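The structure appears right after this line, and notes come after that.
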Amino acid sequence: MVAGDCTVESGITEPESPFAQCASFVKVQPMLRPTLVLVPCLLATGLLTSGVLAQGLSGSRPNIVFVFSDDHAAHAISAYGSRINQTPNIDRLAATGALFRNNFCGNALCGPSRATILTGLHSHANGFMRNGNVFDGSQTTMPKLLQDAGYQTAMFGKWHLESEPTGFDQWMVLPGQGQYYNPDFLTKDGKIRIEGHVTDITTDLALKWLDELDPKKPFLLMCQQKAPHRSWMPAPEDLALYRDGDLPEPPTLFDDYAGRAEPVTRQEMEIARHLTLHYDLVVPPTDEERKHLEGPDRDWDYLWKRMTPAQQKQWDEAFHAENEAFRRDNPQGRDRVRWAYQRYIKNYLRCIAGVDRSVGKLQAWLDAHPDVKKNTLVIYASDQGFYLGDHGWFDKRWMYEESLRMPLLMSWPGHVDAGHEVAQMTQNIDFAPTFLDLAGVPVPASMHGRSLVPLLAGKAPETWRDAIYYHYYESQATHMVASHYGVRTDRYKLIYYYEPQWNCWELFDLQKDPQEMRSVADDPAYAPVRAALQKRLSELRAQYGDDTGALGGSTFPIQAGITKVLHDGDVWQVYANCVGGYLLQTGERTGTTTFVTTMQPVAGRPLQNGFVLASSGEPRENLVRAGIEFRTKRLVIQGPAGMREVAKAAIEWDGSAAVEVRVTIDLAAHRVTAEALGKRIEAPLPESWQSLTAWGYGASNAETRFSALQVR
Ligand code: SGN
Ligand code: CA
């Protein structure tokens, strides 16, 4: 078979043993089927240079040990220059292999990043745009393709994609976020609880699977740690770390958000205001405090009770004295922020110490099995980055560097140069193509990413990407980060907050302002840069086929959690890829107002609801929702305090026909009523509601068709 200037023989039809020496990988490519030759095609298209190492890696069918953690920022890895911790085992991967300097996610959230890794697709194309979506496990995924190509496949630990894992011979995953102590695992045979700390247990499950492998077939092991995700509960043996002294604070701990767009001031992820005392900062509540617990703090007792008495004792010993001192000193203002930062970052880093030890255990297993080791590529990565007090924050979601960056290290001694650094911009869309390329499986043309194999060989293809695309959707959810999409090049970053009430841009010159403290979007000196980036952004949206985030004009000046709006004559088709998404028009109405519309679910989407919404004042705080909960076939009213259900009635409905809903708001009687299909429900409204200031449509995780809203 001849392609370009290189001849590659192929014809090996049996998968090669991972335990055998990777036979003469320089001369001959072991390929699964003669028709599946990838290297020459890549060479012909210029994706690959003639790097001997690169030719050796494509189709070399290594075992892949993929260690993947949750929320581990690159700047908490010493190989990436961490100022606050040491990660000797992860660093060893860099010392013996490659470190990717500029690896990014496409949507800094757990489920979306995982769905991207499985599919090689950005969120809009794999359908998993926000946590709480349900992954469509029937689509083509990298583990399935590897399985078809003769790989043994396994997944242990955090999954977070709601549907059952597909493409794995063996899996044991945490339900949802999972628990740190004595966690439950979902298995093919139901749920089991295992005593211990989740990081150790996940590692042990992976090691046990390695022990039981079929030595004749290559394997993919996905060992996915829950740590260091919130609420940062380290294993007992790590509680003693960082006891003495303070860790350095990030320079932007007291960021005031001046010079950034307005959504940045509206988030709820500040160390100062949003870290909770009990759940996050592990100070147990007093009896008095226990009477008024709010938000995540309500879960502290549950977490505590999950622990065994021995584990509780270890926790008490670790934190009691510090907690007493905190109660006694009762720091305020910046002192309290500093105290919270120290408590938070230390527990976060203690969790990472456990993850690093897990990487060490897997390396030790390989060291003890040299025949496997010589055919095994070990990878460490995490689903997104995280704010380690940077900008005063914890959590992720934003397109700013700290959460956009994902750590990525790959070690395969003898095949990847030790100490190799990759400077090109890579992304989580590239993981699946890379694994497939290594396995000699053709990369489906539909995948958005590209194989990183040429970069591993130290040869930069001339056509490597000059920009990455990003799109974050989970607007109306925990931490309240506005939806946005954007583009990053090696020097600049352009971000668009597209919900109409924001409709604003940020532009950062990363060379002059690496901490992204001052947007230059409106600086005339940057007008040409901004224009070029806007063009590049449109091109990327077209290239990846992303038409989400195009929100149907200015008829609804307030929107949240809406992914797409289609407007056809009198019909508004609203895709709210979010719990409680809404679009509102503004106005002023007193007395009694009746709203009438029909609502109908669009087939093929997860069914949740269609609502008429009305607000008095700030919609985020005062919003009544009345309409049909499609899933449960009920007429319901929610709010105005949060999304709490305040009235409900079952309806006779076939689950698909358009339903007319009539909602009346009587501000004199302080009452909201909803009627549909002969049923009528009502609920009180606060006296503070003197006038309506906005109204419109709402939906949750649904695509819903509404007729024009009549306002009478
Ligand atoms: C939970 C956390 C949030 C976190 C999300 C998403 N709250 O909701 O702080 O942003 O997960 O994290 S908690 O009270 O449950 O800890 S992700 O990694 O799964 O995307
Ligand atoms: Ca995560």
- Item | Label zone at Asp214, where the point sits 7 Å out along the Cα-to-Cβ direction: region 148-177 residues whose backbone N lies under 17 Å | 148-155, 167-171
- HN-Hα J couplings of region 133-141 from phi, Karplus 6.51/-1.76/1.60, θ = phi - 60°, integer Hz, Gly and Pro as x? 5, 10, 5, 7, x, 8, 7, 5, 10
- Item | Other-chain or far-sequence residues with amide H under 5 Å of Gly549's (modelled H) | Lys564
- Item | Count of lysine pairs in region 177-324 with Cα separation under 18 Å (8 or more residues apart, or interchain) | 6
- Which whole-Hz couplings ³J(HN,Hα) result when phi for each residue of region 403-414 is put into the Karplus expression 6.51 cos²θ - 1.76 cosθ + 1.60, θ = phi - 60°, listed in order with x for Gly and Pro? 9, 5, 6, 10, x, 8, 10, 9, 10, 8, x, x
- Message: Once you keep just the Cα pairs under 8 angstrom separated by 6 or more residues, what percentage relative contact order results for region 559-643?
- Response: 18 percent
- Query: Tell me, what ³J(HN,Hα) does each residue in region 440-449 have, in order and in whole Hz, if you take phi through Karplus 6.51 cos²θ - 1.76 cosθ + 1.60 with θ = phi - 60° and put x for Gly and Pro?
  - Reply: x, 9, x, 7, x, 4, 6, 5, 7, x
- Query: Using the alpha-carbon centroid of each, what span in Å lies between region 403-458 and region 91-170?
  - Reply: 14 Å
- Task: Would you please give the residues with an amide H less than 5 Å from that of Ala647, counting only those at least 5 places away or on a separate chain, with H modeled from the backbone geometry?
- Result: Ile637
- Query: Gln86 to Arg620: extension gain in nm, 0.36 nm per residue of separation minus the Cα-Cα distance?
  - Reply: 188.1 nm
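Please compute the net charge surrounding Val672, taking Lys and Arg as +1 and Asp and Glu as -1 over other residues with Cβ under 10 Å from its Cβ.
0
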- Message: Once you place label points 7 Å from the Cα toward the Cβ at Lys191 and Asn323, how far apart are they in nm?
- Response: 2.7 nm
- Note on the structure: Computed over region 558-711, protein heavy atoms only, probe 1.4 angstrom, the accessible area per residue in square angstrom equals 39 Å²
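With Cβ to Cβ distances under 10 Å as the rule, what net charge do the other residues near Ser231 carry (K, R +1; D, E -1)?
Details: positive: Arg230; negative: Asp280, Asp299.
Local net charge: -1.
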- Task: Describe numerically, in nm with one decimal, the distance between label points set 7 Å from Cα along Cα→Cβ at Arg644 and at Ser78.
- Result: 5.1 nm
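Over the chain, what is the mean sequence separation of C-alpha contacts under 8 Å (at least six apart), divided by residue count, expressed as relative contact order in percent? Don't jump to the answer; show the numbers that get you there.
Numbers: 1659 pairs, mean separation 112.8, N = 712.
Over the chain, the number comes to 16 percent.
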- Task: Just need the relative contact order of region 497-608 here, percent rounded to a whole number, with Cα pairs under 8 Å and 6+ apart.
- Result: 19 percent
- For Gly580, other-chain or 5+-apart residues with amide H closer than 5 Å (H placed, Pro excluded) are Ser700, Asn701
- Query: Length gain on complete extension for the stretch Ser446 to Arg518, per 0.36 nm per residue less the alpha carbon to alpha carbon distance?
  - Reply: 22.2 nm
- Item | Protection-proxy order for peptides 491-502, 513-524, each taking the mean of Cβ atoms within 10 Å per residue, highest first | 491-502, 513-524
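The values are calculated or read from the model by the stated rules, or taken from the named source; none is laboratory data. These figures come from a predicted structure and were not determined experimentally. Ideal geometry is used to build each Cβ from the backbone, glycine not excepted, and the neighbour counts take in all protein chains shown. The protein model used for the area step is the full one, side chains on, heavy atoms only, and it has no ligands, DNA or RNA in it. Shrake-Rupley method; radii C 1.70, N 1.55, O 1.52, S 1.80 Å.
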